[in-house]
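The next block holds one structure in the form of C-alpha cells; read it before the comments.
Please treat every number below as a calculation from the coordinates, not as lab data. Here the structure is a predicted model, which is why all the values come from computation and not from measurement. Neighbour counts are summed over all protein chains in view; Cβ atoms, including those assigned to glycine, are modelled from backbone coordinates with ideal geometry.
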Amino acid sequence: MAHVVIDKERCKGCGLCINACPKKILDFAEEVNDKGYHFATIQEEKCIGCAFCGQMCPEVAIEVFK
Ligand code: SF4
Ligand code: SF4
C-alpha cells in the first residue's frame, strides 16, 4: 500500500489534488489549518500510489511513498 503525507499547514485548499486523484480519495477536511484553509485529507487505504496528487500540488504539500 502507498503512503501519502499531506503537510496540512502548507495546503492552501486549492483542490487541484482532489481533482487529480483517479481514485477520488482526497477531500477537503471539515477543519481548517492555521491559515484558515480547509486542507486536503486522504482515505489512504485505497491509494494506488500514482502520485498525481503530489505532482499537481502548487504548494508541494504532498509526498507519496510506495
Ligand atoms: S497517489 Fe494517486 S491514488 Fe493516491 S491519493 Fe494521490 S492521486 Fe490519489
Ligand atoms: S493541491 Fe496542495 S494546496 Fe491544493 S488542496 Fe491539494 S494539498 Fe492543498
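Taking the chain, the Cys residues with no second Cys beta-carbon under 4.7 angstrom are Cys11, Cys14, Cys21, Cys47, Cys50, Cys57. The aspartates and glutamates within cross-link reach of Lys66, meaning a Cα-to-Cα straight distance under 16 Å and a gap of 8 or more places when in the same chain, are Glu44, Glu45. So if we plug the beta-carbon distance of Lys66 and Gln43 into 1/(1 + (r/R0)^6) with R0 = 22 Å, what FRET efficiency do we get, rounded to 0.05? Once rounded, the FRET efficiency stands at 0.80. If you bin all the Cα-Cα distances of region 3-65 at 10 Å, starting from zero, the percentages per bin are 26, 60, 14.
Considering only Met56, Cys11, Ala29, and ranking their Cα positions along the charge dipole of the chain that arises from unit charges at the beta-carbon of Lys, Arg, Asp and Glu, the one farthest toward the positive end is Met56. Taken about its Cα centre, region 3-65 carries a charge dipole of roughly 240 debye when the Cβ of each Lys and Arg holds +1 and the Cβ of each Asp and Glu holds -1.
Cross-link partners for Lys12 among the lysines, with Cα-Cα distance under 24 Å and sequence neighbours closer than 8 places in the same chain left out: Lys23, Lys24, Lys35, Lys46.
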